[in-house]
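Chemist: Let me give you the structure first, and then I'll get to my questions.
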Amino acid sequence: MWPIVRETSCFAIKRKVNGRSGMGKAGPRFTTEPNNITGINSFKYSGIVNAKTVGLSQAEKGVVLTKKSRKPTRLNKPNNLYNNISLTKDFRRVANAIVKETQANYYRPDLTKAALAKWSLIHKAQKRSK
């Protein structure tokens, strides 16, 4: 499914770069798809193509961690496909919960650093807005 979605996704953002850059004139490729934790348009971070995805979104107080369900009975039900976990404690406890949900139970250990980086940015923005 990735070869189809890679270039023609409605979430893809392509920006051309003037002059010389490391990526050529095509420029960087980003995406706004749900559960893509970094916003980079690649198979590793894709929230549409992968069977296991991790997403973080800002809530009024804290953050909401979203994971795709692995139960076969939920795969054909889009409303029940995702597990949402509200995390509202202090910075350290939320960070530990993110590590436990992604790395400790072998869900997606490769996305742990990206999830912690996004949590750090969300926490910093929430502290500023108070």
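Chemist: Pull up all non-local amide H partners of residue 53: gap of 5 or more, or a different chain, and H-to-H distance under 5 Å with H placed in the peptide plane.
Modeler: So residue 53 has HN proximity to 68.
Chemist: For region 3-80, what is Rg from Cα atoms divided by 2.2 N^0.38 Å, rounded to two decimals?
Modeler: Working: Rg = 15.4 Å, N = 78, 2.2 N^0.38 = 11.5 Å.
In units of the 2.2 N^0.38 Å rule of thumb, it is 1.34.
Chemist: Amide H neighbours of residue 82 under 5 Å, at least 5 residues apart or on other chains, H built in the peptide plane: list them.
Modeler: 69
Chemist: How much net charge surrounds residue 46 when only the other residues with a Cβ under 10 Å from the Cβ of residue 46 are counted, with Lys and Arg +1 and Asp and Glu -1?
Modeler: Working: positive: 6, 44; negative: 33.
Combined, the nearby Lys, Arg, Asp and Glu give +1.
Chemist: Taking every Cα atom in the chain, find the radius of gyration and the maximum pairwise distance Dmax, and write them in Å.
Modeler: Radius of gyration, then largest Cα-Cα span, for the chain: 16.3, 51 Å.
Chemist: If I take every Cα pair under 8 Å that is 6 or more residues apart in region 12-95, average their sequence separation and divide by the length, what percent do I get for the relative contact order? Working shown, then result.
Modeler: Details: 133 pairs, mean separation 14.1, N = 84.
It rounds to 17 percent for region 12-95.
Chemist: If you don't mind, there's one more thing I want to ask. In Å², what does the accessible area per residue of the chain work out to with a 1.4 Å probe?
Modeler: Details: 8800 Å² over 130 residues.
Each residue of the chain exposes 68 Å² on average to a 1.4 Å probe.
Chemist: How tilted is helix 112-129 with respect to the longest principal axis of the chain? Cα atoms for both, answer in degrees (0 to 90, nearest 10).
Modeler: Between helix and principal axis, roughly 80 degrees.
Chemist: With 32 Å as the limit, write out which pairs from 16/44; 14/68; 16/100 have Cα-Cα distances beyond it, or answer none.
Modeler: Details: 16/44 23 Å; 14/68 27 Å; 16/100 39 Å.
Result: 16/100 exceed 32 Å.
Chemist: Of the accessible area of region 3-130, with the probe set at 1.4 angstrom, what percent is carbon plus sulfur?
Modeler: On the way: 4650 of 8630 Å².
That fraction is 54 percent.
Chemist: While we're on this one: Enumerate the amide H contacts of residue 36 below 5 Å, restricted to partners 5 or more residues apart or on another chain; note that Pro and chain-start residues carry no placed amide H.
Modeler: For residue 36, the qualifying residues are 47.
Chemist: Near residue 127, which aspartates and glutamates are there with a Cα under 19 Å away, not counting those fewer than 8 places off in the same chain?
Modeler: 60, 90
The values are calculated or read from the model by the stated rules, or taken from the named source; none is laboratory data. Only a predicted model underlies this, so the values are computations on that prediction, with no experimental measurement involved. Using ideal geometry, Cβ is built from the backbone for each residue, glycine included, and neighbour counts are taken over all protein chains shown. With ligands, DNA and RNA removed, areas are computed over all heavy atoms of the protein, side chains included. Shrake-Rupley method; radii C 1.70, N 1.55, O 1.52, S 1.80 Å.
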